[in-house]
Amino acid sequence: MKREFQAIAVLLVFGVAKLPLEQKITQDLRQQKMLEEPIRLGVGENLGQAGIAASLGGLRGLAACMFQLRAHVEFTHVNWAKVDSLYKLVTRLQPRNFRYWEEASWHMAYNAASYYLYSEDLKPALRGQFYHDHVMRGVAILEEGLRFLPDHPRLWEKLAEIHLRRTYDFKKAGDAYWNSFQHGGLNYTERFAAYAYAQSNDPESWSKGYAVLKRLHDANKSTPGLIEHLKLLEQNLHIPAEQRIPDAAPLRRGSGAQTGPQR
C-alpha cells in the first residue's frame, strides 16, 4: 500500500511539473492556427459539448454525417420537429462546419416555414404563426452558428437573405450583408447591403447605403439596380438637385413583387 501511495505521489508531482510545458505548447499551437481556441459558452452548453466530445472523440464527424442523413429522411417525411432536433445534434458534433448551420437554417426558415404557410390542414391564423416561428428558428440557428464562426461570410450572407426575403427587416439584412462583405464575402454583398439599407425605414441606414452606392457610381461600377436604389436614397435623404446623379431611372419590367435586390 505504501508503494502504491508513493507511485501516486510521483505521478501527481510529474503531472504538476509538466503542466506549464503543456500549456506553453498549447498556446504556441493556437497562435500558429494548428489548434482551435476553446469555445466560450454558458456552463450548460459547455457541459454538453464536453460530454459529446468525451463520448465520441474522433468519431464526431462520422456521427454528424449519420445524423444528417437521418435528418434528410425526416425531411422527406415532413417531420420538421425531428429535422430540427437532429440538426441540433449535428451542429453540436461539428460546430465549426458552416454547412451544417446553413442547412439547418434553410430547412427551418424556408422548407418548414413554407410548408406551414401553405398547409390546407391549418387555420389561416395558425399558418401565419407557424410560418413566423420557423422563420425565426432559422434566424436563431444562424445566429448560434455565428457564435462559433463569427467571421464566416457565408453565414452572414444567409442571415441577410432571410431578413431580406422572410422577415423584411431591411436594416438587419443590410447589416448582415455588410458583415459578410467585411469578412471576405463576394463583392456583390457590399452592393446588396446598400440596396437593403435603401429599403429600410432608418435614416442612418440610408446614409450608409448612399455612401456605398455613390462611391460605386463614381467609380463607374453602376448597374440598373444601383441607379434605381441610389435615386431612391437621393429622394429619401433630400440630396440637392445639383448633387444628384444625372442617370435616368431604369424602367422595371412587369409589376410583380421583387424577391430581392436587383443588381
Within the set of pairs 6+ apart or on separate chains, which have a first residue in region 67-84 that is in a helix (DSSP H, G or I), a second that is surrounded by 18 or more Cβ atoms within 10 Å (Cβ to Cβ) and among the acidic types (Asp, Glu), and C-beta atoms under 6 Å apart? Lys82/Glu74; Val83/Glu74
Suppose the filter is surrounded by fewer than 24 Cβ atoms within 10 Å (Cβ to Cβ) and farther than 26 Å from Arg92 by Cβ; does Phe192 pass it? no
Quick check on region 174-184. Is at least one of its residues surrounded by fewer than 17 Cβ atoms within 10 Å (Cβ to Cβ), part of a helix (DSSP H, G or I) and without any contact (Cβ under 8 Å) to a residue 24 or more places away in the chain? yes
Could you tell me which numbered condition Pro246 fails, if it satisfies all but one of (1) modelled with pLDDT of 95 or more; (2) surrounded by fewer than 19 Cβ atoms within 10 Å (Cβ to Cβ)? (1)
Looking at Ala81, Ala113, Ala71 in this structure, which one is surrounded by 14 or more Cβ atoms within 10 Å (Cβ to Cβ), more than 18 Å from the chain's Cα centre (by Cα), on the phi < 0 side of the Ramachandran plot and not charged (D, E, K, R)? Ala71
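To keep it simple, each residue is scored yes or no on (1) under 30 Å from Ser222 (Cβ atoms); (2) of a type outside the set (A, V, I, L, M); (3) outside the structural domain of Leu233 (by TED's automatic domain parsing).
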| residue | (1), (2), (3) |
| --- | --- |
| Gln94 | no, yes, yes |
| Tyr115 | no, yes, yes |
| Phe130 | no, yes, yes |
| Met136 | no, no, yes |
| Leu159 | yes, no, yes |
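This table checks each residue for (1) in the same structural domain as Glu190 (by TED's automatic domain parsing); (2) of a type in the set (Phe, Trp, Tyr); (3) surrounded by 15 or more Cβ atoms within 10 Å (Cβ to Cβ); (4) not in a helix (DSSP H, G or I).
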{"position": "Cys65", "(1), (2), (3), (4)": "no, no, no, no"}
{"position": "Leu86", "(1), (2), (3), (4)": "no, no, yes, no"}
{"position": "Tyr100", "(1), (2), (3), (4)": "no, yes, yes, no"}
{"position": "Leu126", "(1), (2), (3), (4)": "no, no, no, no"}
{"position": "Asp133", "(1), (2), (3), (4)": "no, no, no, no"}
{"position": "Trp156", "(1), (2), (3), (4)": "no, yes, yes, no"}
{"position": "Ile162", "(1), (2), (3), (4)": "no, no, yes, no"}
Would you say Lys171 is within 24 Å of Asn236 (Cα to Cα), of a type in the set (Lys, Arg) and free of Cβ contacts under 8 Å to residues at least 60 places away in the same chain? yes
Of those in region 145-195 that are under 12 Å from the mean Cα position of the chain (by Cα) and hydroxyl-bearing (Ser, Thr, Tyr), the residue farthest from Lys208 (Cα to Cα) is Ser180
For region 144-177, give me each residue that is of a type in the set (D, E, K, R) and within 26 Å of Ser207 (Cα to Cα). Asp151, Arg154, Glu157, Lys158, Glu161, Arg165, Arg166, Asp169, Lys171, Lys172, Asp175
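Among the residues in region 200-212, are any over 27 Å from the mean Cα position of the chain (by Cα), part of a helix (DSSP H, G or I) and more than 22 Å from Tyr168 (Cβ to Cβ)?
The answer is no, given that none of the residues of region 200-212 is over 27 Å from the mean Cα position of the chain (by Cα), part of a helix (DSSP H, G or I) and more than 22 Å from Tyr168 (Cβ to Cβ).
The values are calculated or read from the model by the stated rules, or taken from the named source; none is laboratory data. Keep in mind that what you see is a predicted model, and the values were worked out from it rather than measured. We place every Cβ from the backbone using ideal geometry, glycine too, and count neighbours over all the protein chains shown.
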